[in-house]
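A.B. asks: Dumping the structure here so I can ask a few things about it.
The values are calculated or read from the model by the stated rules, or taken from the named source; none is laboratory data. All values reported here derive from a predicted model rather than from experimental measurement. When we count neighbours, we look across all protein chains shown, and the Cβ atoms used for this are built from the backbone with ideal geometry, even at glycine. Accessible surface areas use protein heavy atoms only, side chains included; no ligands, DNA or RNA. Shrake-Rupley method; radii C 1.70, N 1.55, O 1.52, S 1.80 Å.
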Amino acid sequence: MLNMIMRRLGAAVIIFFLVSILVFALILLVPGDPAVAVAGENADADRIEAIRSQLGLDDPIIVQYWNWLTDALTGDFGNSLVTGESVISGLTERLPATASLMILSVSLAVIGGVPAGLLAGLRPGSVFDRGASVLATIGLAVPSFWLALVLIMFFSLDLGWFPAVGYTPFTENPWNWFLGLTLPAITLGTAGMAEIARQTRAGVADTSRREYVQTAYANGVPEHRVVGRHILRNASIPIVTVLGLQVAGMLGGSVITETIFGIDGIGSYAVQAVSQRDFPVVQGMVLFVTIIVLIVNLLVDISYGMINPKVRSA
Amino acid sequence: MTASIDSSPARAQTPGRENGEPVARGVSPRRAMLRAFVGDRLAVVALLVLITMGALALLAPVVAPYDPNAQDFSQTLQSPSREHWFGTDDLGRDLLSRMLFGARLSLGAALIAVTLGAALGVLPGFLAGYRGGTVDIGLSRLTDAIMCIPGLILSISLIAVFGPGTLQVAIAVGVAFAPRFFRVARGAALSVAAETYVKAVRAAGAGHTRTLLRHVVPNASSAVIVQASLMFGMGLLVEAGLSFLGFGAQPPAASWGALLRRGSGFMVEARYLSVIPGLVITIAVLAGNIAGDGLQRAVTNQRSSGR
């Protein structure tokens with residue numbers, strides 16, 4: 001097991017370096033002179049020079065990359081070109097809001113998706129199965145931003161149950177924290193729920209057909225034990241896989257959800273940075289998000305090993 | 001080199017042979033696939049919806065009842081009526097006409113994104129799957145790295161580079177799609193390259209380029225086409241999302257996502273301005289996904305049942 005974790009960790013480090021090269025190369029892709037692009041067409045020469053030296057654009061590329069990477073590894077992602085604020089503190093300040101939203105969205109996706117997929121997969125072709133399949137298909141097609149607007153119209157403007165915008169930190173008022181994040185979590189979690197329900201259904205339906213499951217049923221093992229011991233255990237590998245992918249997808253989706261609901265998290269920070277072409281923030285944000293995804297992927301790999309002992313030595 | 005080695009096995013050997021499965025005599029795999037797809041009523045309806053939307057988009061200048069950018073301050077924020085089926089916006093512009101012209105941008109951007117994603121991902125994928133070794137390891141690692149960046153994050157950081165605009169968004173989405181095409185193409189090439197007839201062609205002295213282009217590419221391409229059709233709906237969705245954030249077409253031009261963005265400012269007084277564009281996006285994405293699923297089923301059924 002430890003061996004497998006170390007190997008996965010090694011792979012993650014390699015991928016991190018590749019991503020760091022890609023992220024660094026972003027600024028090299030800017031058409032024309034990056035300093036001019038960042039400063040704006042009408043900026044005076046002094047401002048352009050200041051940005052050029054702040055971005056280190058005068059050094060050879062290898063030196064630029066090395067300086068940038070070593071700074072990033074010590075937690076220094078540079079400063080915002082717009083506010084002058086340190087990028088890493090900008091990201092860590094906003095992490096609690098994004099993490100709260102992610103936790104609620106993922107929980108919702110799992111709590112809704114796994115039981116629905118399980119019930120559908122145990123009774124393939126039933127009314128419930130067909131209904132769930134239609135709902136999942138729609139859930140995957142509905143644009144999150146539109147769902148958000150419809151939810152706001154109905155639950156905030158008409159019924160007044162939830163606030164339309166804003167985020168309250170958990171430490172300030174847990175109830176308002178929950179109320180404020182309910183609609184955003186539904187917005188962000190719906191597609192994930194649909195995908196998890198689909199994968200669970202496929203996994204459960206597939207495992208149910210296996211001979212050892214049929215044998216267990218034939219031997220009179222009660223259904224709840226067959227489901228718990230055999231079906232769910234074997235179906236959980238694809239579920240965990242899709243869950244890992246969904247976390248990455250939701251991190252991307254937070255860009256839209258946070259902007260609509262006025263949550264000052266990493267997603268809305270990213271949108272702001274992109275609109276202002278604030279490259280140090282964009283680069284730091286991409287690297288930061290990628291590190292989170294790599295950690296999630298590592299956790300997924302470790303959980304494979306816990307679910308299925310065969311994976312540990314593979 | 002003899003003729004039987006030159007032509008692809010689908011034509012040269014047992015009629016309609018694919019993946020070693022026998023296929024009914026006289027029925028080509030492509031026709032069998034088409035027959036399976038046409039038998040899938042829901043998928044056909046979905047495809048017709050998409051074709052209708054595409055036709056309306058192309059004919060927008062003819063079918064649109066009004067000039068999409070003509071402002072009429074006596075007709076602002078009018079609810080849907082017989083004169084304005086989808087109502088009017090805050091500047092009195094006809095929403096139906098704007099949606100019809102917006103369809104060109106939205107459908108066009110999704111099409112460009114998928115095409116670009118395929119163009120960037122497929123050839124390296126075929127190469128990696130066919131050659132294996134260092135080429136495969138290098139390209140696969142690079143793909144793994146790109147796929148660790150969530151798609152939307154990757155797309156918006158590319159927009160930071162290129163700036164906002166319809167084409168820029170399409171390019172940003174296309175680049176984010178490329179790794180998926182790479183993986184599908186690589187997998188397909190890998191399985192085709194392991195087939196006996198490919199080994200036979202190589203043993204008979206065909207070069208790598210020739211083997212790849214004449215034998216691997218034609219036989220691995222159905223997987224790529226299925227993937228492209230599955231990605232179209234997602235392309236629409238991502239393009240709409242980025243336009244909703246304000247990164248897409250710049251005013252007065254507006255794709256569906258941009259119309260929704262503008263409409264969202266009138267959630268209290270004119271809900272139809274955000275409900276209608278969202279509904280149309282949902283229907284288009286749904287149609288794309290269902291048609292893509294249908295195509296995938298048709299291809300796999302044709303393979304496994306040999307019909």
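For (1) closer than 28 Å to A:I111 by Cα; (2) touching a helix residue (DSSP H, G or I) at 6+ places or on another chain (Cβ under 6 Å); (3) in the same structural domain as A:A35 (by TED's automatic domain parsing), each residue gets a yes or a no:
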| position | (1), (2), (3) |
| --- | --- |
| A:V227 | yes, no, no |
| A:L232 | yes, no, no |
| A:T241 | yes, no, no |
| A:G249 | yes, no, no |
| A:V255 | yes, yes, no |
| A:G284 | no, yes, no |
| A:L299 | yes, no, no |
| A:Y304 | yes, yes, no |
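A.B. asks: Filter the stretch B:147-174 down to residues that are farther than 18 Å from A:L251 by Cβ and in contact with a helix residue (DSSP H, G or I) (Cβ under 7 Å, 6 or more places away or on another chain) and give me whichever is nearest to the other protein chains (Cβ to nearest Cβ).
C.D. replies: Taking the stretch B:147-174 first, the residues farther than 18 Å from A:L251 by Cβ are B:161-171, B:174.
From the residues that got through so far, the ones that are in contact with a helix residue (DSSP H, G or I) (Cβ under 7 Å, 6 or more places away or on another chain) too are B:161-162, B:166, B:168-171, B:174.
Details: B:V161: 5, B:F162: 7, B:T166: 16, B:Q168: 11, B:V169: 12, B:A170: 16, B:I171: 11, B:G174: 14 Å.
It comes out as B:V161.
A.B. asks: While we're here: Would you check which residues across the stretch A:190-209 are open to solvent by 60 Å² or more (accessible area, probe 1.4 Å) and among the acidic types (D, E) and list them? Step through it out loud before you land on a result.
C.D. replies: Within the stretch A:190-209, the subset open to solvent by 60 Å² or more (accessible area, probe 1.4 Å) is A:198-199, A:201, A:206, A:209.
Of everything in the stretch A:190-209, just one residue is open to solvent by 60 Å² or more (accessible area, probe 1.4 Å) and among the acidic types (D, E), namely A:D206.
A.B. asks: While we're looking at this one, here's another question. Report, by residue number, each residue of the stretch A:159-178 that is within 12 Å of chain B (Cβ to nearest Cβ) and buried (at least 17 other Cβ atoms within 10 Å of the Cβ).
C.D. replies: A:A164 - this is the single residue of the stretch A:159-178 that is within 12 Å of chain B (Cβ to nearest Cβ) and buried (at least 17 other Cβ atoms within 10 Å of the Cβ).
A.B. asks: Same structure again: Looking for something open to solvent by 50 Å² or more (accessible area, probe 1.4 Å) and closer than 30 Å to A:P31 by Cβ - is there at least one such residue anywhere in the stretch B:178-186?
C.D. replies: yes
A.B. asks: Which residues, taken from the stretch B:122-146, are open to solvent by 30 Å² or more (accessible area, probe 1.4 Å), at the interface with chain A (Cβ under 10 Å from one of its Cβ atoms) and within 15 Å of B:V175 (Cβ to Cβ)?
C.D. replies: B:L142, B:I146
A.B. asks: Sort through A:N42, A:N79 and tell me the only one that's in contact (Cβ under 8 Å) with a residue 60 or more places away in the chain and open to solvent by 50 Å² or more (accessible area, probe 1.4 Å).
C.D. replies: Just one listed residue meets the conditions, A:N79.
A.B. asks: Right, next: Determine which single condition A:I196 fails, assuming it passes every other condition in (1) hydrophobic (A, V, I, L, M, F, W, C); (2) over 30 Å from A:I231 (Cβ atoms); (3) touching a residue at least 24 places away in the same chain (Cβ under 8 Å).
C.D. replies: Among (1) hydrophobic (A, V, I, L, M, F, W, C); (2) over 30 Å from A:I231 (Cβ atoms); (3) touching a residue at least 24 places away in the same chain (Cβ under 8 Å), the lone unmet condition for A:I196 is (2).
A.B. asks: A follow-up question, please. Can you name the helices (runs of 4 or more DSSP H) wholly within the stretch A:211-314 that have at least 2 residues being more than 9 Å from chain B (Cβ to nearest Cβ) and buried (at least 20 other Cβ atoms within 10 Å of the Cβ)?
C.D. replies: A:232-260, A:266-275, A:279-307
A.B. asks: Here's something else I'd like to know. Given A:S107, A:S126, A:S156, A:S144, which one is within 17 Å of A:I256 (Cβ to Cβ) and either surrounded by 22 or more Cβ atoms within 10 Å (Cβ to Cβ) or among the polar types (S, T, N, Q) (or both)? Write out each step before concluding.
C.D. replies: Values: A:S107 fails: within 17 Å of A:I256 (Cβ to Cβ); A:S126 fails: within 17 Å of A:I256 (Cβ to Cβ); A:S156 fails: within 17 Å of A:I256 (Cβ to Cβ).
None of the others qualify; the one that does is A:S144.
A.B. asks: Does B:R214 meet the test of being away from chain A (no Cβ under 14 Å) and not acidic (D, E)?
C.D. replies: Judged against the criteria, B:R214 is a match.
A.B. asks: Here's a follow-up. Looking at B:A206, B:A228, B:A220, B:A270, which is the one that is open to solvent by 10 Å² or more (accessible area, probe 1.4 Å), aliphatic (A, V, I, L, M) and away from every other protein chain (no Cβ under 11 Å)?
C.D. replies: Only one candidate passes the filter, namely B:A228.
A.B. asks: Also: Please go through the stretch A:67-81 and give me each residue that is at negative phi and not β-branched (V, I, T), ordered by number.
C.D. replies: Our first condition is that a residue be at negative phi; within the stretch A:67-81, this holds for A:67-74, A:76-77, A:79-81.
Answer for the stretch A:67-81, where residues must be at negative phi and not β-branched (V, I, T): A:N67, A:W68, A:L69, A:D71, A:A72, A:L73, A:D76, A:F77, A:N79, A:S80, A:L81.
A.B. asks: Quickly run through the stretch B:233-267 and pick out the residues that are free of Cβ contacts under 8 Å to residues at least 40 places away in the same chain and either open to solvent by less than 20 Å² (accessible area, probe 1.4 Å) or acidic (D, E) (or both).
C.D. replies: B:F244, B:L260
A.B. asks: Right, here's the next one. If only one of A:I186, A:I237, A:I152 is under 25 Å from A:L104 (Cα atoms), in the same structural domain as A:V293 (by TED's automatic domain parsing) and within 18 Å of the chain's Cα centre (by Cα), which one is it?
C.D. replies: The unique qualifying residue is A:I186.
A.B. asks: Taking the residues in the stretch A:11-33 that are facing chain B (nearest Cβ under 9 Å) and either more than 23 Å from B:R141 (Cβ to Cβ) or outside any helix (DSSP H, G or I) (or both) as candidates, determine which candidate is nearest to the chain's Cα centre (by Cα).
C.D. replies: A:V30
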